[in-house]
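K.L.:
Dropping the structure in here first, questions after.
The values are calculated or read from the model by the stated rules, or taken from the named source; none is laboratory data. The structure displayed is predicted, hence computed values, not measured ones. Counting neighbours? That spans all protein chains shown, and the Cβs are built from the backbone with ideal geometry, glycine included.
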Amino acid sequence: MISEQKYWNPVLETLDHEKIRKLQFEKFKKIFSWAYERSRFHRGLYEKAGIKPGDILSFEDIRRIPTVEKSMMRDIQRKDPFPYGDALCVPLEEVTEFRQTSGTTGQPVYQPDTWQDWEWWAECWAYILWAQGYRPRDRVFIPFGYNIFVAFWAGHYGAEKIGCEVVPGGVMDTAARILKIQELKATAMMATPTYVLGMADVARTQLGIDPASLSIEKITCAGECGASIPTTKHRMESAWGARVYDHSGATEIGAWSYECQAQSGGLHVNEGLFLVEIQDMDTGEIITEPGRRGKMIITAFDRIAQPCVRFDSKDVIEWADYACPCGRTYRLIKGGVLGRADDITKVKGVLLSPSTIEEVVRGVEGLGNEYEVVVEKQGDTDRITLKVEFVREGETRRTEIERELVGQLRLKTNLRYDLQFFSLGALPRYEVKARRFKDLRSKA
Amino acid sequence: MNQAFDLKKMNDIILCMKQGADELKEIGSDFPALDRNLVRIRASLKMLEINISDAIESNSQTE
């Protein structure tokens, strides 16, 4: 029975690491040549660095190739061939899909895809979903506003590809989506961690439905780090009585990593489709050993319209020092994506990662899921305000909760915060990517 | 860990299918219903190449 097969690709996902590296090297050379020969942007970048396809003889040579930053893509776009500019590697008439980045870090980047690229996106997702136990018998509900952001579009087609029945939960409000899940007995869904928790709140407070009583068995998250933050994952799994899995992807890259059913504390990098390099943020050196954090430089081997070759994603990751019990030989990144290089900031001289604050807040019983962090300059000093909500029964234990919160924040972040407590529902709610960390210092 | 799959035979069939799609494309380029559906077929064949054919060179033991 195909459904009992553990791996989407039983050959690639269990290939010896040396063989994977050989495959990656050959595939890298092909996509590098493709970009060099067909894109004025890429050729210009590589010629300036004095590198051409014939020069790539080892992984060391790959490391000499300049990286591509999102800002470069912004600069070349909105020009001919309109609107993609000089990175486009296929005739415009071969482009069948348009998506754009969310613009969280500036002007959105446009992403053209051919039909083959789109098939490839779905293929990336097929690896993810199969590893997370999705099978043809699943009825998958996707509570996502289908629009110009790629978000769960490829998840939709990936689920169809593996044979699931997919219910597009597009233009519906949260309550209607929950009722549709109940009506259809959906077994799986995909959403951001923020929305998974928000849906659970709406189910309880507006509909009087315990989300754990619904038929959802597994949830795949994207868009935020939450599903790899143990306390957030625990909250989602408890609320829904379901297994919650993380994956990571991006508009310009593809869906490049996934948590499997073993939930071993990391995400498998899909090394058959991507080359992930970790670069030391201070020295630029490529980190090959486990346990050292750096930012991810990534190449997608098979994306052709607007190739992703040594893209500087700014995602902070580290290799795990253990193998996953699932048997996949694709390496794990420990704890998923740990943050973004441009989010990790110095506050009062201490390096602070916003995801650590989330880990603390979601670990304190009596606090709601929402929070907000504001960093401001007060004279010469940084001031951090953390706004949190009590759940209803939490307000009666304020002193105890505050003590635990202060202690955990001190322990995990080594910083002191001005705390502000609110009633449940007072802080902003988000459906897609939450913006809970506000650094106002540069605007002062 | 690898199960024994006859990757070489799989690849031979993929290549035949690809050749068939290419031939159809050549003789039917003015036939929209043929040409446009072939774009999709060829994209699916590319996914088979990514999953099977690309693995062959790196996995000679299971050929």
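K.L.:
Within region A:162-201, track down each residue that is of a type in the set (A, V, I, L, M), closer than 18 Å to A:Met236 by Cα and surrounded by 19 or more Cβ atoms within 10 Å (Cβ to Cβ).
P.N.:
Once the filter is applied, which keeps residues that are of a type in the set (A, V, I, L, M), closer than 18 Å to A:Met236 by Cα and surrounded by 19 or more Cβ atoms within 10 Å (Cβ to Cβ), region A:162-201 yields A:Ile178, A:Ile181, A:Ala186, A:Ala188, A:Met189, A:Met190, A:Ala191, A:Val196, A:Leu197, A:Met199, A:Ala200.
K.L.:
Of the residues that sit in region B:19-63 and are away from chain A (no Cβ under 13 Å) and among the charged types (D, E, K, R), which one is farthest from A:Val95 (Cα to Cα)?
P.N.:
B:Glu23
K.L.:
Write out, first by first residue and then by second, each pair whose Cβ atoms fall under 6 Å of each other, whose residues are 6+ apart or on separate chains, and whose first residue, in region A:107-124, is acidic (Asp, Glu) while the second is in a helix (DSSP H, G or I).
P.N.:
Every condition considered, the pairs that remain are A:Glu119/B:Ala43; A:Glu119/B:Met47; A:Glu123/B:Met47.
K.L.:
If you don't mind, another one. For a quick check of your reading: which helices (runs of 4 or more DSSP H) sit entirely within chain B and have at least 3 residues that are modelled with pLDDT of 95 or more and not hydrophobic (A, V, I, L, M, F, W, C)?
P.N.:
By residue number, B:7-27, B:32-48.
K.L.:
Here's a follow-up. Does at least one position in region A:50-69 carry a residue that is within 14 Å of chain B (Cβ to nearest Cβ) and in contact with a His (Cβ under 9 Å, 6 or more places away or on another chain)?
P.N.:
Within region A:50-69, none of the residues are within 14 Å of chain B (Cβ to nearest Cβ) and in contact with a His (Cβ under 9 Å, 6 or more places away or on another chain).
K.L.:
Please specify each residue of region A:14-49 satisfying the condition of being within 9 Å of chain B (Cβ to nearest Cβ), over 26 Å from the mean Cα position of the chain (by Cα) and either farther than 25 Å from B:Glu57 by Cβ or in contact (Cβ under 8 Å) with a residue 24 or more places away in the chain (or both).
P.N.:
Matches in region A:14-49: A:Asp16 only.
K.L.:
Looking at region A:247-260, can you tell me whether even one residue there is more than 26 Å from A:Asp302 (Cβ to Cβ) and assigned to a strand (DSSP E or B)?
P.N.:
Looking for residues that are more than 26 Å from A:Asp302 (Cβ to Cβ) and assigned to a strand (DSSP E or B), one finds none in region A:247-260, hence no.
K.L.:
When you check A:Leu338 against the structure, is it surrounded by fewer than 23 Cβ atoms within 10 Å (Cβ to Cβ), modelled with pLDDT under 95 and within 25 Å of A:Gly133 (Cα to Cα), yes or no?
P.N.:
Yes: the conditions hold for A:Leu338.
K.L.:
On to the next question. Evaluate region A:192-210: report whether one residue or more is away from chain B (no Cβ under 14 Å), in a helix (DSSP H, G or I), farther than 23 Å from A:Gly249 by Cβ and in contact with a Ser or Thr (Cβ under 6 Å, 6 or more places away or on another chain).
P.N.:
So far as region A:192-210 goes, yes, one or more of its residues are away from chain B (no Cβ under 14 Å), in a helix (DSSP H, G or I), farther than 23 Å from A:Gly249 by Cβ and in contact with a Ser or Thr (Cβ under 6 Å, 6 or more places away or on another chain).
K.L.:
For region A:140-154, how many residues meet the condition of being in contact with a helix residue (DSSP H, G or I) (Cβ under 6 Å, 6 or more places away or on another chain) and either part of a loop (DSSP other than H, G, I, E, B) or farther than 24 Å from A:Glu13 by Cβ (or both)?
P.N.:
Final tally of qualifying residues: 3.
K.L.:
Inspect all residues belonging to region A:3-13 and state whether any of them is within 12 Å of chain B (Cβ to nearest Cβ), part of a helix (DSSP H, G or I) and surrounded by 13 or more Cβ atoms within 10 Å (Cβ to Cβ).
P.N.:
yes
For every residue, the table says whether it meets (1) at pLDDT 95 or above; (2) closer than 24 Å to A:Thr231 by Cα.
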site	(1), (2)
A:Asp113	yes, no
A:Asp138	yes, no
A:Thr174	yes, yes
A:Met190	yes, yes
A:Asp201	no, yes
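K.L.:
Give me a count of the residues in region A:392-414 that are at pLDDT below 90 and surrounded by 16 or more Cβ atoms within 10 Å (Cβ to Cβ).
P.N.:
Qualifying residue count, region A:392-414: 2.
K.L.:
Here is a further query. Please work out if A:Asp75 is without any contact (Cβ under 8 Å) to a residue 12 or more places away in the chain, more than 24 Å from the chain's Cα centre (by Cα), within 14 Å of A:Arg310 (Cβ to Cβ) and surrounded by 12 or more Cβ atoms within 10 Å (Cβ to Cβ).
P.N.:
no
K.L.:
Here are the criteria: (1) of a type outside the set (Ser, Thr, Tyr); (2) more than 29 Å from the chain's Cα centre (by Cα); (3) in a strand (DSSP E or B). Tell me which single one A:Val373 does not satisfy.
P.N.:
A:Val373 satisfies all of (1) of a type outside the set (Ser, Thr, Tyr); (2) more than 29 Å from the chain's Cα centre (by Cα); (3) in a strand (DSSP E or B) except (2).
K.L.:
Something else: For region A:46-72, give me the residue count where each residue is closer than 30 Å to A:Lys19 by Cα, surrounded by 14 or more Cβ atoms within 10 Å (Cβ to Cβ) and among the hydrophobic types (A, V, I, L, M, F, W, C).
P.N.:
Qualifying residue count for the region: 6.
K.L.:
Return the total of residues in region A:376-403 being closer than 12 Å to A:Leu419 by Cα and touching a residue at least 40 places away in the same chain (Cβ under 8 Å).
P.N.:
Residues meeting the conditions: 1.
K.L.:
Restricting attention to region A:261-296, which residues are among the small types (Gly, Ala, Ser) and either assigned to a strand (DSSP E or B) or surrounded by 21 or more Cβ atoms within 10 Å (Cβ to Cβ) (or both)?
P.N.:
Answer for region A:261-296, where residues must be among the small types (Gly, Ala, Ser) and either assigned to a strand (DSSP E or B) or surrounded by 21 or more Cβ atoms within 10 Å (Cβ to Cβ) (or both): A:Gly266, A:Gly272, A:Gly294.
K.L.:
Turning to a different aspect of this structure: A:Ala87 versus (1) more than 14 Å from chain B (Cβ to nearest Cβ); (2) within 30 Å of A:Arg328 (Cβ to Cβ): which is the lone unmet condition?
P.N.:
Among (1) more than 14 Å from chain B (Cβ to nearest Cβ); (2) within 30 Å of A:Arg328 (Cβ to Cβ), the lone unmet condition for A:Ala87 is (2).
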